[in-house]
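Heads up: the structure comes next, in structure tokens.
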């Protein structure tokens, strides 16, 4: 397609367009080392630009990592600490952090406010959609294809004419044993995703265009054990041994198609919010709390049950936890929680004691795993809304936090919410190709996720807001 035939919607004077390609969960050891020779598009961007590992947020998960990356603020400043967050100090009032939870401007909001043209496809926490000057296709938090997932509203009808079948906002039930179906859905979702990007980039020039491929994260969670000989459940010679590799190769080819559609002066950034690694097992945080006398229940469940479905005796409970790729622990504090029992003057001592004890939990054979319990008031610039008292990494994210009760053990090798082979890694990828700064190289140090937004804003000629955690990168190799 002749680029000159497109509508030029760009409006930022003097700034070159930016294309951000997000690969949720892309693992740096695979992209930069193990499979680099099989990824010619990414290899070309690396050789002609600069690259580094990108240190993620704590916690290193999709929400809040993408929001931190695109705002330059940490999770405490944003006020959400995972997918589900406590809305108040009650015990059961939690909500998913959608776009409505993001109260600060992200890069595209600054661009749109300055009169620039924006395109967003599947960027996490863009549902429900906030109208901007440009085109938006919302993310995996969209309830389903019946929802209003596109802006302007007329774009939804166009998308339904571009793709085959019903629009996939995410891979349905990607934690299941039906691996063949999961793989089909991942490729089907990718086909729709890149077709939408191709159509939008083919007809419109943007000052800022960003898209996030969720398929890499989903395929790693579903297929990692077949690829990794060090995975405790590895199955040598399995038919799906190359599933993750082949999808990375597929995505690399689709990225090449997008690069053909943007002007030659475009700054291209490829980034992931976190990495991935083999999941060694699960630490049952609430089982441990029950065994250690921190958590009391009315009656222990006969079957594996979520904590919210078990009657908790709050007047006898000092702490409770939540599961996920990381653990979140809350103390039951008098005067703060409805039935709090820990006196305010004992808070610091109780918190330090339980943090040390959580960090000391070994694996099932008694070996240390190197866990870390983080205090939000220490690791964040500020703490907004209701944060957990501790964010817990079991091992360096090598063990999952399992929140269910009924397992009768602290250690498990089955996930309580469905089969899952991978946990997250603390570092993702950062690649930048700037045609005005040719010459590749690995940056001398890891980069910080908070620095991405101010770097993009500086390239776009936009002023930096006050109070950012991040600062513009110095991209010297």
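The values are calculated or read from the model by the stated rules, or taken from the named source; none is laboratory data. The structure presented is a predicted model; accordingly, all values stated were derived computationally and were not measured. Because the Cβ atoms are built from the backbone with ideal geometry, glycine has one as well, and the counts that use them run over all protein chains shown.
Taken together, the residues in the range 287-301 that are part of a loop (DSSP other than H, G, I, E, B), closer than 29 Å to residue 426 by Cβ and in contact (Cβ under 8 Å) with a residue 40 or more places away in the chain amount to 2. Just one of the numbered conditions (1) in contact (Cβ under 8 Å) with a residue 40 or more places away in the chain; (2) assigned by TED's automatic domain parsing to the domain that holds residue 176; (3) over 21 Å from the mean Cα position of the chain (by Cα) is not true of residue 308: (2). For the range 190-219, filtering for residues that are part of a strand (DSSP E or B) and in contact with a helix residue (DSSP H, G or I) (Cβ under 9 Å, 6 or more places away or on another chain) leaves 7.
Return the only residue of 157, 222, 256 being assigned to a helix (DSSP H, G or I), out of contact with any strand residue (DSSP E or B) (no Cβ under 8 Å at 6 or more places or on another chain), over 23 Å from residue 69 (Cβ atoms) and free of Cβ contacts under 8 Å to residues at least 24 places away in the same chain. Criteria check complete, one pass: 157. Only one of the numbered conditions (1) touching a helix residue (DSSP H, G or I) at 6+ places or on another chain (Cβ under 6 Å); (2) more than 13 Å from residue 99 (Cβ to Cβ); (3) surrounded by 19 or more Cβ atoms within 10 Å (Cβ to Cβ) is not met by residue 132, and that is (2). Could you go through the range 68-84 and let me know if any residue there is in a loop (DSSP other than H, G, I, E, B), more than 18 Å from the chain's Cα centre (by Cα) and modelled with pLDDT of 95 or more. No, every residue in the range 68-84 fails to be in a loop (DSSP other than H, G, I, E, B), more than 18 Å from the chain's Cα centre (by Cα) and modelled with pLDDT of 95 or more. When restricted to residues that are in a loop (DSSP other than H, G, I, E, B), out of contact with any strand residue (DSSP E or B) (no Cβ under 6 Å at 6 or more places or on another chain), on the phi < 0 side of the Ramachandran plot and surrounded by fewer than 22 Cβ atoms within 10 Å (Cβ to Cβ), the range 85-127 contains 10. When residue 373 is tested against the conditions (1) part of a strand (DSSP E or B); (2) more than 29 Å from residue 276 (Cα to Cα), the lone failure is (2).
Let's see how each residue does on (1) within 30 Å of residue 73 (Cβ to Cβ); (2) at pLDDT 95 or above; (3) under 26 Å from the mean Cα position of the chain (by Cα):
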{"position": "253", "(1), (2), (3)": "no, yes, yes"}
{"position": "261", "(1), (2), (3)": "no, yes, no"}
{"position": "266", "(1), (2), (3)": "yes, yes, yes"}
{"position": "270", "(1), (2), (3)": "yes, yes, yes"}
{"position": "277", "(1), (2), (3)": "yes, yes, yes"}
{"position": "283", "(1), (2), (3)": "yes, yes, yes"}
{"position": "286", "(1), (2), (3)": "no, yes, yes"}
{"position": "289", "(1), (2), (3)": "no, yes, no"}
{"position": "293", "(1), (2), (3)": "no, yes, no"}
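It is to be established whether one or more residues within the range 43-60 are under 25 Å from residue 119 (Cβ atoms), in contact with a strand residue (DSSP E or B) (Cβ under 7 Å, 6 or more places away or on another chain), in a loop (DSSP other than H, G, I, E, B) and modelled with pLDDT under 95. Taking every residue of the range 43-60 in turn, at least one turns out to be under 25 Å from residue 119 (Cβ atoms), in contact with a strand residue (DSSP E or B) (Cβ under 7 Å, 6 or more places away or on another chain), in a loop (DSSP other than H, G, I, E, B) and modelled with pLDDT under 95.
When we screen 189, 210, 214 for residues that are assigned by TED's automatic domain parsing to the domain that holds residue 31, within 27 Å of residue 18 (Cβ to Cβ) and touching a strand residue (DSSP E or B) at 6+ places or on another chain (Cβ under 7 Å), the only hit is 210.
Looking across the range 137-162, just one residue is surrounded by 23 or more Cβ atoms within 10 Å (Cβ to Cβ) and under 17 Å from residue 204 (Cβ atoms), and that is 137. Restricting to the range 302-326, name every residue that is part of a loop (DSSP other than H, G, I, E, B), at pLDDT 95 or above and farther than 19 Å from residue 420 by Cβ. Within the range 302-326, 313, 317, 318 qualify. The residue list 380, 325, 294, 347 contains one member that is within 30 Å of residue 56 (Cβ to Cβ) and in contact with a helix residue (DSSP H, G or I) (Cβ under 6 Å, 6 or more places away or on another chain), which is 380.
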